[in-house]
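Student: The following block contains the structure, expressed as structure tokens.
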Amino acid sequence: MEIDPFIFRLSIFILSIFIGYYVVWSVTPSLHTPLMSVTNAISSVIIVGAIIAGLAGNSDSIFDTSSIFGFLAISLAAINIFGGFLVTQRMLAMYKKKKKDK
Amino acid sequence: MLSANLSAIFYLISGVLFILALRGLSSPETSRQGNFFGILGMIIAITVTFLSIGNFSTGFIAVLMFLLIGGLIGSFIAYKIPMTAMPELVAGFHSLVGLAAVFVAIAAFLNPEAFNLGSPNNIKLGSLIEMSIGAAVGAITFSGSIIAFLKLQGIMSGSPITFKGQHLLNALILISIIVLTYLLCSTQSSNLFWILLAVSFLIGFLLIIPIGGADMPVVISMLNSYSGWAAAGIGFTLENTALIITGALVGSSGAILSYIMCKGMNRSFFNVILGGFGATEQSASIQNKEQRPVKSGNADDAAFLMKNASSVIIVPGYGMAVAQAQHALKEMVDNLKKNDIKVSYAIHPVAGRMPGHMNVLLAEANVPYDEVFELEDINNDFANADVAFVIGANDVTNPVAKTDPQSPIYGMPVLDVEKCKSVLFIKRSLSPGYAGIDNDLFYKENTLMLFADAKKMTEDITKNL
């Protein structure tokens, strides 16, 4: 009997939860705010679904109901992607070590 | 056009890059590189999606337009936002992830052919279940985050909103979500899909309104986790590895942060989620409060105490963020250091309104991160320090958590501020903190209260140094 592809995706999912568990415990507490903003940005990879939906309209009407939802989702996810990564960048740039010459 | 197998491999690569992005955050030195990996992963995922569809006609232009609009708004916000507003920003971003998940689910429900999920009214059962979960969790994330945002922004009162039968109502709604999902899967009716979404939006609101302002660190982490699970649900629908990996990472990240925050308050997750904390205790403690003598001083006294100290520990809290006092604080510390006084910072896990909130503010004020310590690393140092400078914190310094089993915060790990030779406590008034209980620290022999705005007081002390 063949294994349903769903099982493979489930395996990836479960193993990723474990990876997430160990990786996130190793994050230093002082970087917990950047952690939240960066997880925000990467969870917006949901934009791939939005792009598929947006491009799904047929050639004579690109704006049918389903692709409009796709387009809106693209904008929402894009706000998050750009905003999330940039604000993380901005925060991380501020974390500095003590200057030695003091 | 990219073959399905090849794009799957690229999605896997971008998933791995996202793991490396989080891994980078284990230390500030590697964190910037980590963020770069994250950006790279995102670029790969988006490019591969375009290539695998291979349709570069008019729709493509529209997609780029919407991408650009969102990108510009996001970049603008990221550059303009003050660091003190980070909790609101993150809550706002969570709501967008939630809403995006809902929209993608709606699009997939209306046009399943585009996603290879069957035809309208005849969607594959597995996909429909995954879609419903993604949509419901996304809707809860959206409306919950909106409430969190409004509470953090101060548009909505931070105090818990409770009413009779609240938990029963929430439980009924949660059960109805499960029933609706079941019915939706058996009938494929689009009406049920819309009802499911509406009910999920509603429960998101109801779940967050009873939770008070200072419990927001838990709420934000929890919503972070939800946004991840919503993404994973959609990832299953779209059979997309990058989305599944990311959803799982973000989901467990948020869950761990919620756990750390709950532990920082010695409360169970359910105790926080069921809400209402601080609402009842507050009225009780105001009635029973006896007048006890406190010593209060001015900037001059504080400056004198610190000038004669050899080591000072600073305990910042949410009040510092509200007063935007971090830069004034750094200036004061620079003056202290000129006098060869050793200064370090003690951060309680739940100080502020989100995990790591204080660290970011101090970093913004150019405080080197190796002078900033977590509770367990610095708590033993209070006994050897001369002055503890409490700026905007309250409950996290309350010794009652160690001595009085009756207290609502009993058992919560607190900073041993009272062990210092002297304590300087900046506060506007003697009013109790979030937990609604009096802080014994105010009345200690060695405590000097400085009644003023945190920023103004800090500036005045600097002048007197």
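The values are calculated or read from the model by the stated rules, or taken from the named source; none is laboratory data. Quick caveat, the model's predicted, so the values are computed rather than measured. A quick note on method: Cβ atoms are made from the backbone with ideal geometry, for glycine too, and the neighbour counts reach across all protein chains shown.
Student: Is it the case that B:Phe193 is within 26 Å of B:Ala91 (Cβ to Cβ), among the aromatic types (Phe, Trp, Tyr), at pLDDT 90 or above and surrounded by 18 or more Cβ atoms within 10 Å (Cβ to Cβ)?
Tutor: So B:Phe193 fails the test.
Student: While we're looking at this one, here's another question. Before we move on, is A:Val27 assigned to a loop (DSSP other than H, G, I, E, B), facing chain B (nearest Cβ under 7 Å) and either within 22 Å of B:Gly134 (Cβ to Cβ) or of a type in the set (Val, Ile, Thr) (or both)?
Tutor: Considered against the rule, which asks whether it is assigned to a loop (DSSP other than H, G, I, E, B), facing chain B (nearest Cβ under 7 Å) and either within 22 Å of B:Gly134 (Cβ to Cβ) or of a type in the set (Val, Ile, Thr) (or both), A:Val27 comes out as yes.
Student: Exactly one of (1) in a loop (DSSP other than H, G, I, E, B); (2) closer than 23 Å to A:Met91 by Cβ; (3) not aromatic (Phe, Trp, Tyr) is unmet by B:Asp370. Its number?
Tutor: (1)
Student: Turning to a different aspect of this structure: With the checklist (1) closer than 25 Å to B:Asn384 by Cβ; (2) touching a residue at least 24 places away in the same chain (Cβ under 8 Å) in hand, flag the one item B:Lys402 doesn't pass.
Tutor: Answer for B:Lys402: the failing condition is (2).
Student: Please go through region B:436-465 and give me each residue that is over 24 Å from B:Ala383 (Cα atoms) and in contact with a Ser or Thr (Cβ under 8 Å, 6 or more places away or on another chain), ordered by number.
Tutor: Scanning region B:436-465 gives B:Gly436, B:Ile437, B:Phe451.
Student: In the list B:Asp377, B:Asp334, B:Asp370, which residue meets the criterion of being free of Cβ contacts under 8 Å to residues at least 24 places away in the same chain and touching a Lys or Arg at 6+ places or on another chain (Cβ under 9 Å)?
Tutor: B:Asp370
Student: Still on this structure, I have one more. Considering only residues of region B:385-412 that are out of contact with any Cys (no Cβ under 8 Å at 6 or more places or on another chain) and modelled with pLDDT of 90 or more, which is surrounded by the fewest Cβ atoms within 10 Å (Cβ to Cβ)?
Tutor: B:Ile391
Student: Another question, if that's okay. Of the residues that sit in region B:339-360 and are in contact with a Gly (Cβ under 8 Å, 6 or more places away or on another chain) and touching a residue at least 60 places away in the same chain (Cβ under 8 Å), which one is farthest from B:Leu305 (Cα to Cα)?
Tutor: B:Arg353
Student: I would also like to ask the following. Of the conditions (1) surrounded by fewer than 24 Cβ atoms within 10 Å (Cβ to Cβ); (2) assigned to a helix (DSSP H, G or I), B:Met332 satisfies every one except a single condition; which number is it?
Tutor: Just one mismatch for B:Met332, condition (1).
Student: Could you grab me the full set of residues in region B:100-114 that are surrounded by fewer than 23 Cβ atoms within 10 Å (Cβ to Cβ) and either in contact with a Phe, Trp or Tyr (Cβ under 9 Å, 6 or more places away or on another chain) or facing chain A (nearest Cβ under 7 Å) (or both)?
Tutor: Of everything in region B:100-114, those that are surrounded by fewer than 23 Cβ atoms within 10 Å (Cβ to Cβ) and either in contact with a Phe, Trp or Tyr (Cβ under 9 Å, 6 or more places away or on another chain) or facing chain A (nearest Cβ under 7 Å) (or both) turn out to be B:Leu110, B:Asn111, B:Ala114.
Student: So, B:Asp404, is that one closer than 20 Å to B:Glu418 by Cβ, among the charged types (D, E, K, R) and out of contact with any His (no Cβ under 8 Å at 6 or more places or on another chain) or not?
Tutor: Spelling it out, B:Asp404 is indeed closer than 20 Å to B:Glu418 by Cβ, among the charged types (D, E, K, R) and out of contact with any His (no Cβ under 8 Å at 6 or more places or on another chain).
Student: Return the residues of region B:43-88 that are at the interface with another protein chain (Cβ under 7 Å from one of its Cβ atoms), of a type in the set (A, V, I, L, M) and in a helix (DSSP H, G or I); say none if nothing qualifies.
Tutor: Listed by number, the residues that qualify are B:Ala45, B:Ile46, B:Ile53, B:Ala62, B:Val63, B:Leu67, B:Ile69, B:Ile73, B:Ile77, B:Ala78, B:Met86.
Student: Kindly establish whether B:Gly204 is away from every other protein chain (no Cβ under 14 Å), small (Gly, Ala, Ser), assigned to a helix (DSSP H, G or I) and farther than 25 Å from B:Gly319 by Cβ.
Tutor: The answer is yes for B:Gly204.
Student: Look at A:Val87 and say whether it is free of Cβ contacts under 8 Å to residues at least 12 places away in the same chain, within 7 Å of another protein chain (Cβ to nearest Cβ) and crowded, with 18+ Cβ neighbours inside 10 Å.
Tutor: In short, no.
Student: Quick check: anything in region B:15-29 crowded, with 24+ Cβ neighbours inside 10 Å, free of Cβ contacts under 8 Å to residues at least 60 places away in the same chain and part of a loop (DSSP other than H, G, I, E, B)?
Tutor: Yes, the conditions are met somewhere in region B:15-29.
Student: Report yes if B:Ala255 is within 9 Å of another protein chain (Cβ to nearest Cβ), buried (at least 24 other Cβ atoms within 10 Å of the Cβ), in contact (Cβ under 8 Å) with a residue 12 or more places away in the chain and on the phi < 0 side of the Ramachandran plot, otherwise no.
Tutor: Considered against the rule, which asks whether it is within 9 Å of another protein chain (Cβ to nearest Cβ), buried (at least 24 other Cβ atoms within 10 Å of the Cβ), in contact (Cβ under 8 Å) with a residue 12 or more places away in the chain and on the phi < 0 side of the Ramachandran plot, B:Ala255 comes out as no.
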